[in-house]
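Taking it in order: structure first as structure tokens, then the write-up.
The values are calculated or read from the model by the stated rules, or taken from the named source; none is laboratory data. This structure is a prediction, so every number in the text was calculated from the model and none was measured. Positions of Cβ are backbone-derived with ideal geometry, glycine not excepted, and every protein chain shown enters the neighbour counts. Heads up: the accessible areas ignore ligands, DNA and RNA and are worked out on the full protein's heavy atoms, side chains in. Shrake-Rupley method; radii C 1.70, N 1.55, O 1.52, S 1.80 Å.
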Amino acid sequence: MEQLTEVTVQPIDLAAWAPYALEVQAQAFGLSAQEVAVRLHIVGRHAQQPGVLAFGALVGGRLVGFGYGMPNRREHWWSTVIEPHLEARGYGDWLDDVFAVTELHVLPEYQGRGLGTTLIRTLCERSGLPRSILSAIDAETPARRLYRSLGYRDLARAVHFPNTDRPYAVMGARLPLLDRPYSAPANSR
């Protein structure tokens, strides 16, 4: 894995950086302009949540990756969708006393270089909570392999969020995250 020395990972003001973060997410996740517009409002609401943490990976002032999350609350929309899936599998307690990694994205040309690992570790270390939870597309992707290498395990699979066609997996990990090196497959760069 090629490490980047010119990248700075630092806290960002989520509301101020939201348009740039969504540009990164659009490229990394394949979002349409309409999806970006909808998500811009969502990120604005998230920026106001108590305990939200946001970090950006910057190269020369340009955002090339970002991640943010917050202490989970059962009344959050995301929690209401995943709760029945977690409860059915005996993991309902994973909605409490847990840091939810809401978004984590790196521009494709910067993937496979340790930025995602640095961002998620930084978020989780700063959360002050004993566990972390997130959702990811329910497929064998570099992101899922990264999460597993850090200690995340599947809590629920085949979770469908409204207005999405792809199923998601909900994953959880005890903190601190595992300290195992992750090497992205050569074709994921």
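Taking the empirical scaling 2.2 N^0.38 Å for compact globular proteins as reference, the chain has a Cα radius of gyration ratio of 0.96.
Convex hull volume per residue, computed on the Cα atoms of region 17-67, equals 70 Å³.
For the chain, the solvent-accessible area with a 1.4 angstrom probe is 50 square angstrom per residue. Backbone geometry of region 136-148 corresponds, through the Karplus equation with coefficients 6.51, -1.76 and 1.60 at θ = phi - 60°, to 3J(HN,Hα) couplings of 9, 3, 7, 8, 7, 10, x, 5, 4, 5, 4, 4, 4 Hz, x marking Gly and Pro. Each part reduced to its alpha carbon centroid, region 77-102 and region 29-76 end up 20 Å apart.
If you run the Gaussian network model on the chain, springs between alpha carbon atoms under 10 Å, then out of Arg148, Arg39, Arg166 the most flexible one is Arg166. Accessible surface of region 1-143, 1.4 Å probe: 52 percent of it comes from carbon and sulfur atoms. Annotation: amide H of Ala100 within the under-5 Å range of Met70, Asn72, Ile133, sequence separation 5 or more or interchain, hydrogens built in the peptide plane. Under the convention that each Lys and Arg Cβ holds +1 and each Asp and Glu Cβ holds -1, the size of the dipole of the chain around its Cα centre is about 280 debye. One chain, two ends: Arg74 and Ala158. Fully extended at 0.36 nm per residue, the span grows by 28.2 nm beyond their Cα-Cα distance.
With +1 assigned to the C-beta of every Lys and Arg and -1 to the C-beta of every Asp and Glu, and no other charges, what is the dipole magnitude of region 100-189 about the Cα centre in debye, to the nearest 20?
Its charge dipole is roughly 260 debye.
For Ala156, the residues 5 or more places off, or on other chains, whose built amide H falls under 5 Å of its own are Val170. In the chain, helices alone account for a calculated mean residue ellipticity at 222 nm of -10500 deg cm²/dmol, with every DSSP H run of four or more residues adding -39,500 (n - 2.57).
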